[in-house]
Amino acid sequence: MRVALLIAAMALALTAAWRPPTGTIAGTVRSAETGEPLSNVSVVVVGTGRGALTDAEGRFEIRGVPTGARTVEASRIGYGDVRASVTVVEGAAATVELTLTPTPVPIENLTVTTASRRTEKITEAPATIDVITSQQIADYPSSNVGELFARQKGLDYVRTGVLGTGFNVRGFNSAFNPKNLQMNDGRLSTLIATGLPWGPLSTTVKDDIERIEVVLGPTAALYGPNAHNGLVNVITKDPRRYPGTTLAVGGGNHSVLDARFRHAQVLSDKLAFKVAGEYNRGTEFDYVDTVYVGTAALNELDLDRDFDALRGEASLQYSATPSSDVILTYGGSKTNMLSPTNAGRNQIKDWMLNFLQGRFVSPRLFAQAYYTWSSTDSTYAINQRTQNYASFLAAGFSDAEARQRSFREAWTGTKAAGRALSRGALFQDASRRFNGEVQYNASLAGSHFTVGAQLQRDMANSNGTYLLDKNGTIDLDQYGVYGQAEAPFGSSGLKAVVAARGDHHELYGFNFIPKGGLVYTRGASTWRATYGKGIAAPTILNLSMNIFGGLALGNGEGFTLSNGTKIDPLKVETIQTFEGGYRGVLGDRFFADLDGYYNKSKNFISPLINIVPKGLSGGPTVTYRGSTPIADVGGGLVKPGDYVLANVNFGHVDTYGFDAGLSYYVRTGVSLVGNYSYFNFSLDQTDPKNDADANGKVEDTDLPINTPKHKASLGLNADMDRWFGSVFTRWVDKYDFFSGINVASRTHPGLIYNGSPVVEGARVGREFNEGPLGGFVDVDLSLGVRLTPWFSVAGAVTNAFDRKVREFVASPPIGRLFSLEAKVTRAGGFSATPASERAGGRGSRER
């Protein structure tokens, strides 16, 4: 460690000693139509990483620019990009005046980085990709950015409460869904043991997000296991391009209160920093889930509907050379909330997430290392704790003792002659993860090449509360190498994209993941045809789960039933996707984004299902987990299993569908957007591994698709000089949902699930079946006004007609939500000292 610190100190000293000559570029950006100054225009010096945003008067100033001939590029959503040449002289300020022309279809100039791990136009990306822009994020008057996912093509969006939102891509949803990889600035933002996205536990503050890129379909060739159904990449703002201060205060019904801030400042031509923080709180919908003890229905014990979250990030950015940066970032969050799971709801208590990330970024080389840690001591499963509590009361214990012991135990028999069972409802976490990555890219003869390598070590630790880890931390190592080549066929507009990845996992050995495609671009239109393979490695929770004293067990070693039936241990799930798509401009004002896909899945990892064929009705029991008697699992306190939830591999299933998005741009800043998605599946009925309920025949109900067949939306968006707002309507078809103990389904004659017939409006196993999800139309509204160039107020209403909408299992019906927000944004901060009066190199120009 001392040697590393010494080397780092020497490197910093050398780069500080070699300070290349620099100067300043300043100027104004105006509209070519009206001549009015344009604010929030991104102005960058091409190839240097230097840039700034224009202020309310259209002015900008970029310091620390290397001397010589430079190219300045200005861009803003709704306008065509423009470039200008300028000569920078040491110690002097070069001026440039730029004009932007409104473009009828602004999205055609939008750039993305996630699909190919490099910057490219969205119209030319070799994948189906949606983008939530910084302007959309800024205009939506709520801290919950998740609401904007409802407006994207191809996503199954759900709201689980006032705070909780989530989404899925192309089927196989679950109350615990790790198949959509979430990243922030190239860093995994997933829980270590479960693989779940951080979601409401995130450390990122809304006002620091530059854009969110959502890739639909497998992206494992470049991003590794579990970039399976899709990938979300949140990209935060560079403090040099987005200096200034933002303060926001908001609130709404359900006692919601939110306060946020972001400040970014350029300290010198080499050093910049940013810091952002948020506190929000509120109260969830007045809803109590049913807990069953036998056939008796109980309310959830000690339900706490209040939620709160404290989060923030800080980043220090050092320019080692004019075209390279060293970035050090820390983030942390602490959250209390309700969360749906496969086994009812969890009461999240003081769950803390932290990360420390170091990155080196240059035009050719990218390298990073980051460390993530997670901790909670008092989170618990409400359903199991309620059942434990009831067992103590039934035996004659006092209410106080029943409450205290219900976190870890259940009671069987009488108080005098019974005994305690290990039925722990408490979830603790002290998990850690280390990741490292290096990537190199280059262009040669018109072709572009990217190669990289990644490593990861997971160190899961539940203190024996929800994992089979009583003997110590569960450590798993994996590493991978990847490469991609993009080669054009002359000037024909056709290019080939080929990518491949080799992954080695400590448990699953080697996996090869290929990808290939053809992309044809002509004018403002692009057609693409791609093939991609994805893999989903079972999570640590899938493999080593031990919840509620054996009610739910990890399937890392397989199971044996008392009738001799063998259930294989989990294997890696694979998916092969064949996809075709079109993205481009039709006429002068239409933008179309269309894709169709066909997926072939093998060894599909199911949600938690009951692996005992007849459940509680006298069928066979589980006798072994691997070679260990079931009574010895988890320290010998698990009774022989007549009801065990586990994840299993299905055999083979094909899924297919298409997504259509059409945008019409009425005028600059005003657009109509319509989306439609279709999804269906074909189950191999000759494969006995697809017989989930073990009734001797394969039926469509054996496979929990958990996805609506149809969904559509229509929206009107406006962002004028002062006014901004939207009207958004979403329709979701009815669909059945099975996940763990959770059932939301129409009646299925003859179908047994968790030991009970599936009947709408009745108890099914340990859960009440309220009926299918979906089957609703929502209308959402928002409206805001910029009272001054730096101060705005806005409001939003979700579910404007207050229909009680059931969007997810173990969650309340969603009623009307409204929010109000006031925000102050100063592009250069609040310093009263003009930049011209400060010492050279002390910061960006402030107004």
With the dipole of the chain defined by +1 on each Lys or Arg Cβ and -1 on each Asp or Glu Cβ, the option from VAL112, SER671, THR621 whose Cα lies farthest towards the positive pole is VAL112
Put GLU57, GLU120 in order of accessible area, largest first, probe 1.4 Å, and you get GLU57, GLU120
Helix-only [θ] at 222 nm, the chain, -39500 (n - 2.57) per DSSP H run of 4+, per residue, nearest 500, equals -1500 deg cm²/dmol
Phi angles of the stretch 133-138, converted by Karplus (6.51 cos²θ - 1.76 cosθ + 1.60, θ = phi - 60°) into ³J(HN,Hα) in whole Hz with x for Gly and Pro, give 7, 5, 5, 4, 5, 5
Judged on accessible area alone, 1.4 Å probe, highest first, TRP527, TRP198 line up as TRP527, TRP198
Magnitude of the Cβ-charge dipole (Lys and Arg +1, Asp and Glu -1) of the stretch 77-144 about the Cα centre, nearest 20 debye, reported as 160 debye
With a 1.4 angstrom probe the carbon and sulfur portion of accessible area for the chain, in percent, totals 58 percent
Descending packing, highest mean Cβ count within 10 Å first, for 176-188, 271-283 is 176-188, 271-283
Evaluated at 37 °C and 0.692 mPa s, the Stokes-Einstein D of the stretch 284-338 based on the Kirkwood radius over Cα pairs, in µm²/s, stands at 208 µm²/s
Phi angles of the stretch 729-735, converted by Karplus (6.51 cos²θ - 1.76 cosθ + 1.60, θ = phi - 60°) into ³J(HN,Hα) in whole Hz with x for Gly and Pro, give 10, 10, 10, 10, 5, 5, 7
Lys and Arg at +1, Asp and Glu at -1: neighbours of SER319 with Cβ under 9 Å from its Cβ sum to +1
accessible surface per residue for the chain, probe 1.4 Å, DNA/RNA/ligands not counted, whole Å² -> 39 Å²
One finds the C-alpha centres of the stretch 432-509 and the stretch 239-278 to be spaced, in Å, by 32 Å
Computed about the Cα centre, the charge dipole of the chain from +1 Lys/Arg and -1 Asp/Glu charges at the Cβ has a magnitude in debye, to the nearest 20, of 1100 debye
The whole-number value in µm²/s of the Stokes-Einstein translational diffusion coefficient for the stretch 74-155, with Rh from the Kirkwood sum over alpha carbon pairs at 37 °C and 0.692 mPa s, is 210 µm²/s
In whole percents, the bins of 10 Å from zero upward hold the Cα-Cα pairs of the stretch 252-308 as 18, 24, 20, 17, 11, 7, 3, 0
Karplus ³J(HN,Hα) for the stretch 253-260 (6.51 cos²θ - 1.76 cosθ + 1.60, θ = phi - 60°; Hz, whole; x = Gly/Pro) runs 5, 6, 6, 6, 9, 9, 9, 9
Counting only protein heavy atoms and leaving out ligands, DNA and RNA, the solvent-accessible surface of ASP733 at a 1.4 Å probe, in Å² to the nearest 10, equals 40 Å²
Mean shadow area (nm²) of the C-alpha convex hull around the chain is 35.5 nm²
Using the Kirkwood radius over Cα pairs of the stretch 501-621, the Stokes-Einstein translational diffusion coefficient at 20 °C and 1.002 mPa s, in µm²/s and rounded to a whole number, is 118 µm²/s
Dividing the alpha-carbon radius of gyration of the stretch 174-241 by 2.2 N^0.38 Å, where N counts its residues, gives 1.13
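Specify, per residue and in Å³, the volume enclosed by the convex hull of the alpha carbon atoms belonging to the stretch 716-839. The partial results should precede the final answer.
Values: hull volume 19.5 nm³, N = 124.
Each residue corresponds to 157 Å³ of Cα convex hull volume.
On a full-extension model of 0.36 nm per residue, what is the gain between ASP477 and LEU328, subtracting their alpha-carbon distance, rounded to one decimal in nm?
In short, 51.2 nm is gained.
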Along principal axes, largest first, the alpha-carbon spread of the stretch 440-515 in whole Å comes out as 62, 19, 18
For the chain, the longest principal axis of the Cα atoms and the Cα long axis of helix 382-395 enclose an angle in degrees, to the nearest 10, of 30 degrees
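The values are calculated or read from the model by the stated rules, or taken from the named source; none is laboratory data. Keep in mind that what you see is a predicted model, and the values were worked out from it rather than measured. Please note: Cβ atoms are built from the backbone with ideal geometry, for glycine as well, and neighbour counts cover all protein chains shown. For the accessible areas, the whole protein counts, side chains as well, though only heavy atoms, and no ligand, DNA or RNA atoms are used. Shrake-Rupley method; radii C 1.70, N 1.55, O 1.52, S 1.80 Å.
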